[in-house]
Amino acid sequence: MVPGLIDVHVHLREPGFEYKETIETGSQSAAKGGFTTICCMPNTKPVIDNEIMVEYIKLKAEREACVHVLPIGSITKNQAGEELANIGKMAEVGICGISEDGKSVENAGLMKKAMLYAKMFELPILDHCEDLNLVGGGSMNAGDTAALLGLKGIPVEAEEVMIARDILLAESTGVHLHLCHVSTKGSLDFIRLAKQRGISVSAEVCPHHFALTEEAVDGYDANTKMSPPLRSKEDVEAMKQGLKEGIIDIIATDHAPHHVDEKNCEYEKAANGIVGLETAVPLGITELVEPGILTPMQWVEKMSTNPAKLLNIKKGTLQEDRIADITIIDPKQEYEIDVYSFASKSKNSPFHGRKVRGKVLYTIVDGKIVVDQGELV
Ligand code: DOR
Ligand code: ZN
Ligand code: ZN
């Protein structure tokens, strides 16, 4: 029995892309995966960049979601990178942070201004770090595998220059900077340094970045395509080390559902992202807890306690007087991941058929059982 798991990085796709996922199906996927609270990214259509949209998400979630849903507002209007979204108005009606996820705010001056606003409203920035000019149209990690497969590579610097830039901006503005889906050894070194310098930063890693290397792209399965891309063995080892050392505070899924047609095409043209809510628990247990990289307690901290701290919410512990958000897991149960059993509308996972251990048996939200014996109630 653990405190209800919290995922700070989820794409629910509603409104605009309901064929991939909805607030209802995404929340069901979360519940099956053991999550009782999820934060949803603003790259919907329209973008969550104003208070009306925030109210809309909250209302829909209240009516249709079976877990707690906390909206994240965008940093710029329409995520166009030109002018700031109305961060103050969104803060008034309740967002848990701001993010331009899917891309970076390329204009450093605008990003600094956003940080000053976020600081004023005591909101964290959830930062997608990627310089598009360095990505240069690449579709997987730059290196031998990319060369072998004839795919254009994305260099690690595409992530690292933005990580470094935004750490510097966070230092000067004092905002809390949360670095999303960190994937390279170099990024980790910058984060370590930032923490040593006392800068207010936290970082997340996604299960796919500790459970798979770039070699999984061999075969051109587009379910191995995401942003940032799967990296080298050395980077994957660094992610595990970062988790162990505590440089990485949080495990988040970046649950990014896509329709089969958006993946069933040439690798270069396929959409970025994988569904993650229903595989995070077994991948964490199998890849981190069983080999002794994290103790069970440290794993719970990264799946619940630290996310609650980032969001500044009274969750993430099993304590009297708290809302009963609870997850019950059988860490020993062995099975094969089956995408067709997912509650998510989308099945884009590179983990189909993988043997894992760790099964979510019960998810309890606000004292109500929403998953019973592994099945939605
Ligand atoms: O792989 C990704 N998919 N990375 C992102 O940053 C965006 C996400 C999406 O929205 O599909
Ligand atoms: Zn992202
Ligand atoms: Zn994302």
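Nothing in this text is a laboratory measurement; each read-out follows from the coordinates by a stated rule. A quick note: this is a predicted structure, and the numbers were derived from the prediction, not measured. All Cβ positions, glycine included, derive from the backbone under ideal geometry; neighbour counts span all protein chains shown.
Computed as a quarter of the hull surface, the mean projected area of the alpha carbon convex hull for segment 14-118 stands at 6.3 nm².
Averaging Cα coordinates gives a centre for segment 125-180 and one for segment 182-198; these two points are 13 Å apart. For segment 118-236, the ratio of Cα radius of gyration to the globular rule of thumb 2.2 N^0.38 Å stands at 1.11. For Leu132 and Lys269, a Förster radius of 22 Å and the Cβ-Cβ distance give a FRET efficiency of 0.80, rounded to the nearest 0.05.
Provide the packing ranking of 306-317, 258-269, 218-229, 322-333, i.e. peptides ordered by the mean count of other C-beta atoms within 10 Å per residue, highest first.
Details: 306-317: 18.8, 258-269: 14.9, 218-229: 20.3, 322-333: 17.0.
For the peptides 306-317, 258-269, 218-229, 322-333, the packing ranking is 218-229, 306-317, 322-333, 258-269.
Greater than 19 Å separation of Cα atoms is the criterion. Which listed pairs, Lys32/Lys359; Lys45/Lys113; Lys263/Lys345, meet it? The pairs that break the limit, which is 19 Å between Cα atoms, are Lys45/Lys113. When you restrict to C-alpha pairs under 8 Å that are six or more residues apart and normalise by the size of the chain, the relative contact order lands at 20 percent.
Pairs of alpha-carbon atoms within less than 8 angstrom and 6+ residues apart define the contacts here; what relative contact order does segment 74-189 have, in percent? Reported as a whole number, the value is 24 percent.
Apply the Kirkwood formula to segment 185-262: the hydrodynamic radius equals the inverse of the mean of 1/r over all pairs of different alpha-carbon atoms; give it in Å with one decimal. List each step's numbers first, then the result.
Details: mean 1/r = 0.0734 Å⁻¹.
Taking the inverse mean of 1/r over all distinct Cα pairs, segment 185-262 comes out at 13.6 Å.
Spin-label model, Tyr220/Ile369: points 7 Å from Cα along the beta carbon direction are separated by 4.8 nm. Which distance in Å, rounded to a whole number, links the C-alpha centroids of segment 208-233 and segment 19-54? If you average the Cα positions of each part, the centres end up 25 Å apart. Remark: the Leu168-Glu82 segment gains 28.8 nm on full extension, using 0.36 nm per residue and subtracting the alpha carbon distance. Residue ranges 110-116, 5-11, 338-344 sort as 5-11, 110-116, 338-344 when ordered by packing (mean number of other C-beta atoms within 10 Å per residue, highest first).
How much of the pair distance distribution for the chain lies past 40 Å, counting alpha-carbon pairs only, in percent?
Values: 4096 of 70876 pairs.
Percentage above 40 Å: 6.
Provide the FRET efficiency to the nearest 0.05 for the Lys152-Thr317 pair, computing r from the beta carbons and using R0 = 51 Å. All intermediate terms of the calculation are to be shown ahead of the outcome.
Details: r = 46 Å, r/R0 = 0.90.
After rounding to 0.05, the efficiency reads 0.65.
In this structure, the amide hydrogen of Ser227, modeled 1.01 Å from its nitrogen in the peptide plane, lies closer than 5 angstrom to those of Gly273, counting only residues at least 5 positions away or on a different chain.
If packing is taken as the average number of other Cβ atoms within 10 Å across a peptide's residues, how do 138-149, 174-185, 78-89 rank, most packed first? Could the numbers behind the result be given before it?
On the way: 138-149: 18.2, 174-185: 24.2, 78-89: 16.3.
My ranking of the peptides, most packed first, is 174-185, 138-149, 78-89.
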